[in-house]
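Everything below concerns the one structure shown next.
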Amino acid sequence: MDVNIVEIKRFAVHDGDGIRTTVFFKGCPLRCLWCHNPETLSAERQLAFYRHKCTLCGKCGAVCSCHSFAEGVHSVNRAKCVGCGKCVAACPQSALALFGETRSVDSICVEVLKDKCFYDESNGGITLSGGECLLQSEACRKILSEMKRNGINTAVDTCGFVPQEAFDRVLPFTDTFLYDVKAIDEAVHVQCTGRSNKSILENLRYIDNCGARIEIRVPYVPDYNDTQMEKIAEFLSTLKHLVRVRVLPYHNYAASKYDALSLKNTLPMRLPTDEEIAKARAIFTSVGIRC
């Protein structure tokens, strides 16, 4: 079985307990205005062009007709791009990059098993992330079951906007769910992500009732979901298997990726202050949630 991924990141320390290897899947059903991984939104392979690195050498144009040069301007015809990667290999300045590759489940398992000794020493493991990894839930099931067969801790990082059946496939092989909660009010969620949160909250209730170990990730984005913290805390306080909440301060580091991919930059302007983040965290601890 093949799977579409963006990258396999080794020695990750923010995607679950201990030292981990994180597999970033390509494709996401949400369109969060603050997305910091825009290269994972589309399920298709995508060419990125970092214009500031380009020296107009023309080597990419010599191997690919998608690239043209006129009056000192390098243009990319994305409609013609088939994601072959020839231009990326030809560029001497790393001004071009290809996001997305098709890998077999077996090859992914072989790669992540290389660092088993580090997982064992640090109580780490592997994390499936994205994008939304559960859009490819059968592949996730195969990878996770192979990891459990090898005694490796597993985590699934999810936005929750997938059919319940996707969770059923991976529940027996997942030690921890890293679950995003962005808003409780549906109108706010739609405004921020383009989708209703009804199934997201229902799925969270479902895996909690199934006894899954859950860590909640709450992105804090001023002027967008900052008014939702009390409601999120109230909702989460009713969960039985919640181990912690992480409040993630919004950042805009991904701006260059939007430009490189010719995507509309939807990143909010205002960043949260330290005081705002401290106040948000205090809301969760005030109802007895580890934050």
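Bear in mind that the values in this text are calculations on the coordinates, not laboratory data. Owing to the predicted nature of the structure, the values given are computational and were not obtained by experimental measurement. FYI the Cβ positions are ideal-geometry reconstructions off the backbone, even for glycines, and counts take in every protein chain you see.
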Checked against the positive end of the charge dipole of region 51-196 (+1 on Cβ of Lys and Arg, -1 on Cβ of Asp and Glu, about the Cα centre), the farthest of Val73, Ile152, Gly85 is Val73
In terms of the Cα gyration tensor, with a ≥ b ≥ c the square roots of its eigenvalues, is region 108-157 rounded because a/c is under 1.5, prolate because a/b exceeds b/c, or oblate?
prolate
Close Lys-Lys pairs in region 135-291, where close means Cα under 18 Å and separation is 8 or more or interchain:
6
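Return a whole-number percent for the relative contact order of the chain, with Cα pairs under 8 Å and 6 or more residues apart as the contact set. Intermediate values should be presented prior to the final figure.
Working: 556 pairs, mean separation 55.6, N = 291.
Relative contact order here is 19 percent.
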Packing rank of 137-147, 168-178, where each peptide gets the mean count of other beta carbons within 10 Å, highest leading:
137-147, 168-178
Once phi is turned into ³J(HN,Hα) by the Karplus curve 6.51 cos²θ - 1.76 cosθ + 1.60 with θ = phi - 60°, what whole-Hz value does each residue of region 19-30 show in order, with x for glycine and proline?
7, 9, 10, 10, 9, 9, 7, 9, x, 8, x, 9
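Percent relative contact order of region 167-291, based on C-alpha pairs within less than 8 angstrom and at least six residues apart?
Values: 158 pairs, mean separation 32.1, N = 125.
Once normalised by length, the contact order is 26 percent.
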Global form of region 61-100, assessed from the alpha-carbon gyration tensor, a/c cut-off 1.5:
oblate
Computed for region 95-151: size of charge dipole around the Cα centre, +1 on C-beta of each Lys and Arg, -1 on C-beta of each Asp and Glu, debye to nearest 20, value 160 debye
Using only DSSP helix segments of four residues or longer, with each worth -39500 (n - 2.57), what per-residue ellipticity at 222 nm results for the chain after dividing by its residue count and rounding to 500?
-8500 deg cm²/dmol
Please list 3J(HN,Hα) in residue order for region 248-258, calculated via the Karplus relation 6.51 cos²θ - 1.76 cosθ + 1.60 where θ = phi - 60°; whole Hz, with x for glycine and proline.
9, x, 4, 9, 10, 5, 7, 4, 5, 5, 4
Hey, got the dipole for region 106-192? About the Cα centre, +1 on K and R Cβ, -1 on D and E Cβ, debye to the nearest 20?
240 debye
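Tell me whether the chain comes out rounded, prolate or oblate; compute the Cα gyration tensor, take square roots of the eigenvalues as a ≥ b ≥ c, and use a/c under 1.5 as the rounded threshold. Don't jump to the answer; show the numbers that get you there.
Details: a/c = 2.11, a/b = 1.40, b/c = 1.51.
Here the chain falls in the oblate category.
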Using unit Cβ charges (K, R positive; D, E negative) and no other charged atoms, how large, in debye to the nearest 20, is the dipole of the chain about its Cα centre?
560 debye
May I ask you to derive the relative contact order of region 240-291, considering only C-alpha pairs under 8 Å and at least 6 residues apart, and to give it as an integer percent?
49 percent
Point-to-point label distance, Val287-Thr266, nm (Cα→Cβ direction, 7 Å offset):
2.7 nm
Protection proxy (average C-beta count within 10 Å per residue), highest first, orders 82-93, 156-167 as 156-167, 82-93
